[in-house]
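Visitor: Please find one structure pasted underneath; my questions will follow.
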Amino acid sequence: MAIATFLQLLRPQTIEDQRAQRIYRGHVLDVVAQIRQIFDKWVALREIEPDYARLANTAAVNRWELMRLVERIDRLQPPRVLNSAHRTMLTSVTASARACQLLAVGYRFHKSEAICDGQSLLLETVQDLDDLIVRVDAR
């Protein structure tokens, strides 16, 4: 742990710091809820939909929604103590969009490797975001 980070942890938090962290936590929870909703809808559709073209289109729409979410996250100004969590969130949401891109390509062109990689990456990023909530709550 860097000494500046350690000293930051020792500094008492002001009311403004606590408020900023609470507001940012709300943003994190909103982002995770949106990604969780996309993920759950995807899993449900994948279980019942035999048409690869429809799966590819759904994955492409999910990617578009996630990239819009990346833009929204990029505009957020996290509290200084949560800069690392912000970078993690941005990376995870971008990776989720990449996962949907792999899924769209895989289903469109019948590439099982892309489908497997996309599904695996999507699972990883959802787990990373769940872990992020724990990190933000710890602050």
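What follows is calculated from the coordinates using simple rules that are stated; it is not laboratory data. These figures come from a predicted structure and were not determined experimentally. Every residue, glycine among them, receives a Cβ derived from its backbone with ideal geometry; neighbour counts consider all protein chains shown.
Visitor: Rounded to the nearest 10 degrees, what's the angle between the helix 83-109 long axis and the longest principal axis of the chain, both from Cα atoms, 0 to 90?
Guide: 0
Visitor: Nearest 10 degrees is fine. How inclined is helix 52-75 to the longest principal axis of the chain, computing both from alpha carbons?
Guide: The angle comes out near 20 degrees.
Visitor: Still on this structure: For the chain, build the charge dipole from Cβ charges (+1 Lys, Arg; -1 Asp, Glu) around the Cα centre, then report which of ALA20, GLY118, TRP42 sits farthest towards its positive end.
Guide: Result: ALA20.
Visitor: OK, next. Mind checking the dipole of the chain: about its Cα centre, +1 per Lys or Arg Cβ, -1 per Asp or Glu Cβ, Debye to the nearest 20?
Guide: That gives the chain a dipole magnitude of about 440 debye.
Visitor: Rounding to the nearest 10 and keeping the result within 0 to 90°, find how far the Cα-based axis of helix 112-138 lies from the longest principal axis of the chain.
Guide: So the inclination is approximately 20 degrees.
Visitor: Compute the orientation-averaged projected area for the chain from the convex hull of its Cα atoms and round it to one decimal in nm².
Guide: 8.8
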